[in-house]
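Trainee: Input: one structure, supplied below.
Bear in mind these aren't lab numbers, they're just calculated from the coordinates by the rules spelled out. No experiment lies behind these values; they were computed from the predicted model shown. Reconstructed Cβ throughout: ideal geometry from the backbone, glycine too, with neighbour counts over all protein chains shown.
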Amino acid sequence: QVQLVESGGGWVQPGGSLRLSCAASGSIFSINTMGWYRQAPGKPRDVVAQITSGGSTNYATSVKGRFTISRDNAKNTVYLQMNSLKPEDTAVYYCNFAGVYTTALRRDDYWGQGTQVTVSA
């Protein structure tokens with residue numbers, strides 16, 4: 001059984017920074033793509049950033065230059081460094097691991113439980 005545990009959310013003033021982490025536990029052999037999504041009240045869940053197993057990244061236009069995604073394959077962990085935060089970044093942030101292969105050769109996708117990020121003065 002694979003589980004994702006997120007941490008690092010909270011409240012920050014505009015212009016501040018936060019760092020989110022998402023760690024996977026279980027009998028994992030490899031993970032293809034790790035990503036972060038966010039969902040604001042009344043809006044759909046949208047991709048924020050993704051990173052492949054080869055290290056390629058892509059970002060939503062609204063966060064380019066402010067957010068940085070990284071991964072530690074040895075720890076099965078993905079990070080999201082968020083700088084210059086704006087009120088419009090307020091949302092619940094979810095990590096997503098796509099293409100998780102376990103040692104039993106099972107392939108699934110997984111979501112974290114979500115962590116609230118609030119940016120306000």
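Trainee: State which residue is surrounded by the fewest Cβ atoms within 10 Å (Cβ to Cβ) when the search covers only the stretch 12-68 and only residues that are among the basic types (Lys, Arg) and within 12 Å of the chain's Cα centre (by Cα).
Mentor: ARG19
Trainee: Also: Checking the structure you have, find out if any residue of the stretch 18-40 is within 19 Å of SER120 (Cα to Cα), in a loop (DSSP other than H, G, I, E, B) and either out of contact with any helix residue (DSSP H, G or I) (no Cβ under 9 Å at 6 or more places or on another chain) or not aliphatic (A, V, I, L, M) (or both).
Mentor: No: the stretch 18-40 contains no residue that is within 19 Å of SER120 (Cα to Cα), in a loop (DSSP other than H, G, I, E, B) and either out of contact with any helix residue (DSSP H, G or I) (no Cβ under 9 Å at 6 or more places or on another chain) or not aliphatic (A, V, I, L, M) (or both).
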